[in-house]
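Engineer: Structure provided below as C-alpha cells; questions to follow.
A short reminder: the numbers here are calculations on the coordinates, not readings from a lab. Bear in mind the structure is a predicted one, so any value in this text is a computation, not a measurement. FYI the Cβ positions are ideal-geometry reconstructions off the backbone, even for glycines, and counts take in every protein chain you see.
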Amino acid sequence: MSVEQLPELFEPSLEIETADEKYHRRRWWILAVIGIAQLMVILDGTIVNIALPTAQHALHFSNSDRQWIVTAYSLAFGSLLLLGGRISDYIGRKNALITGLAGFAVASALGAASVNFTMLVVARTVQGAFGALLAPAVLSLLTTTFTNPDERGKAFGIYGAIAGAGGALGLLLGGILTTYASWRWTLLVNLIFAAVAIAGALTFLRHDRGTDHDPLDWRGVLTATTGLFALVFGFSHAETTSWSNHYTIGSLIVAVVLLAVFARIQARAKFPLLPLRVVLDRNRGGSLIAMLVAGSGMFGVFLFLTYYLQETLGFSAVLTGVAFLPMVVSLSITAQLSNIVLLPKIGPRPLIPVGMLMSAIALFMLTKLGVSSSYATHVFPALVLLGLGIGFVFAPAINTATAGVGPHDAGVASASVNTSQQVGGSIGTALLNTLAASAAASFLIGRAPTKLNVKLANVHSYTSAFGYSAIIFFIGAVITALILRSGAPRAPEAASANSVH
C-alpha cells in the first residue's frame, strides 16, 4: 500500500452515506409508495359503486339495503379519521401505513368472498376503519418526507392529482373489472395495491417510533368520533329518507352538540386530540374549507354525470370511465403547475378561489345538457375546464393545509384534511341527491309519466344537481378568498409555532 492511500483508511466518513442521506435519496420511491396507497383509498370511493347493481343481483339484497354498502364505509372512515391521525403520530407513520394497508387488504378479501349482504357490510365497515388509519399516515409521510419547497411542490402536485382524479379513475377501473371480470374484483384489486405498497414501505421507509406519546385525550376521542359518526349518518339518512325524518334531525342535532363540546374540550385539554393551533391558522383553515367545499361539489359530477352518460347517452360502464379521462389529464396539469410554479410565488389565495370559480363555470356549462346533447360538444369542454379548476383547488389546498406543521402534529393535521373532504362528500351526497329527486318529481307534476317525460325528468334532475354544485363552488370561492392570506406561504414561521405543545 502506498503512502498516498493511507488517508483513505482514516477518512471513511467521506464515502459513507448517512442514514438521512440514504432516506433522502429514496424520497421519490417513497412518493410512489404513498401514491399507490392513496390511490387505493380514493379508488374505493367510486370503484365499488359501479359494481353495486351486479353485487345486489348476486347477493339478493334490496335497493334500500344497497345504500349501506356505501354508507358503512363512509361512517367508519369519516368518524375515525381524527383518531387514526393520532394513532399514526403515536405508533409511527411506517407502522400505521403498513397496518392500515394490511387491514384494508384483509377487509377487501372478506368483502370479495361475501355470501350475503351482512358479510359485505361488515367488510366495508372494516375497510373504512383501516382506511381511517391509512389515509392520515399517507399524507403525514408526504408532509415529513418532502420539506424542500421546490420538491414539496412537485410531490404535493402528484398527490393532489391523485386525490382529485382518483374518483374518475375508480369509475374507469370499476367499469372494466365489472364488465370483463366480476364485481368481486373491484374489492380484490385492493390486495394488489396493498401488496405492492407494503413491499415498498418495508423497503424504502425507515422505522420511526412515533412523535406524539402524550396521554390520549379520551374525552376528545369520544366526542369527535361520535359527533362525526352522527354527522355522516345524518346526511346519509337524509339521502335515503328525508330531511324532515326524525332520525335525520336527531342525528344532525347530536352531531352539532357533540362537535361543539369537542371544540370546547380541545381548547382546554392539556393534550388535545386536535390542537386548535392546527386549524386556526388562516391559510390552513381556509384550505380545510376548500377541501370541504370541493368534496361536496365534486360529488355532483361523478354521480350525476355518470347517470347522464349511461342512462341518457347510452354509454357502457367502461366508456363512461374513459369519458372522464380528459378531466383527469387537465387536473394533473394544473395540479403540477399550481404547486410547483404558482403556489411558492403567490400563495393559495388567488389559486384556490380562481380554481373554484373555474369549476363553478364548468358545472354551469353542464346545466345546459339535454336528452340529445353530444359528448364532444357539451360534456368534453366542461370536463376539461372542471379538471383545470379542480387542479387549482386540491393540490394547493392539501399542500397549504399541511405546510409548516411540526412532526408532532403531522398525523392529526393530515387527518383534518381527509375529514374535511369526507364530510364534504357526505354533505354533497345527501344534499344533491335530495335536490335532484325533488327536481325530477317537480318536473313530472302535470305531465304524463311517458318514457320521454321520465327521461326528460331525469335529465332535469341531473342538470339541477350541476347547478347546485356550481353554487357550492361559487360560495366556496368567496369564502376562501376572504379567509386565505395574500402572498407567498410563510411555512418556516408556521412550523416553529406549530411545533410547540
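Engineer: Using the alpha-carbon centroid of each, what span in Å lies between the range 62-139 and the range 457-475?
Structural biologist: Cα centres, the range 62-139 to the range 457-475: 31 Å.
Engineer: Checking the cross-link filter: which lysines have an alpha carbon closer than 23 Å to that of K368, excluding same-chain neighbours under 8 positions apart?
Structural biologist: Partners within reach: K451, K455.
Engineer: Also: Calculate, in nm to one decimal, what N453 and A441 gain on full extension: separation in residues at 0.36 nm each, minus their alpha carbon distance.
Structural biologist: Details: separation 12, 0.36 × 12 = 4.32 nm, distance 1.12 nm.
So the chain would gain 3.2 nm between N453 and A441.
Engineer: Taking every eigenvalue of the Cα gyration tensor of the chain, multiplying by 5 and rooting it, what semi-axes result, largest first, whole Å?
Structural biologist: Details: eigenvalues 300, 121, 119 Å².
Square roots of five times the eigenvalues give 39, 25, 24 Å.
Engineer: How big is the gap, in Å, between the Cα center of the range 250-327 and the Cα center of the range 369-426?
Structural biologist: Distance between centres, Cα-based: 9 Å.
Engineer: Right, something else. DSSP loop chymotrypsin sites (Phe, Trp or Tyr not before Pro) in the range 43-81 with at most 12 other Cβ atoms within 10 Å of their Cβ, which ones?
Structural biologist: Working: sites: F61, W68, Y73, F77; in loops: F61.
Sites meeting the loop and neighbour criteria: none at all.
Engineer: I'd like the projected area of the range 217-272, averaged over all directions, using the convex hull of its alpha carbons. Report it in nm² with one decimal.
Structural biologist: Numbers: hull surface 13.2 nm².
With the hull built on Cα positions only, its mean projection is 3.3 nm².
Engineer: Still on this structure, I have one more. Would you mind working out the magnitude of the charge dipole of the chain relative to its Cα centre, with +1 at each Lys and Arg C-beta and -1 at each Asp and Glu C-beta, to the nearest 20 Debye?
Structural biologist: Once rounded to the nearest 20, the dipole reads 1200 debye.
Engineer: Taking the range 61-209, how much of its Cα-Cα pair set, in percent, is spaced more than 23 angstrom apart?
Structural biologist: 41
Engineer: Rounded to the nearest 500 deg cm²/dmol, what is the calculated helix-only ellipticity per residue at 222 nm for the chain, with -39500 (n - 2.57) per DSSP H run of length n ≥ 4? Intermediate values should be presented prior to the final figure.
Structural biologist: Values: 20 runs with 393 residues, N = 501.
It lands at -27000 deg cm²/dmol.
Engineer: In addition: Kirkwood hydrodynamic radius, the range 136-187, all distinct C-alpha pairs: what's the number in Å?
Structural biologist: Working: mean 1/r = 0.0775 Å⁻¹.
It is 12.9 Å.
Engineer: Against the empirical 2.2 N^0.38 Å scaling, what ratio does the C-alpha Rg of the range 210-357 come to?
Structural biologist: Details: Rg = 20.3 Å, N = 148, 2.2 N^0.38 = 14.7 Å.
Against the empirical 2.2 N^0.38 Å value, I get 1.38 for the range 210-357.
Engineer: How far is it, in nm, from the label point at D208 to the one at A488 when both lie 7 Å from their Cα along the line to the Cβ?
Structural biologist: 2.6
Engineer: If you don't mind, there's one more thing I want to ask. How do 108-119, 89-100, 279-290 rank on mean C-beta neighbours within 10 Å, highest first?
Structural biologist: Values: 108-119: 16.8, 89-100: 22.9, 279-290: 21.4.
Descending packing order for the listed peptides: 89-100, 279-290, 108-119.
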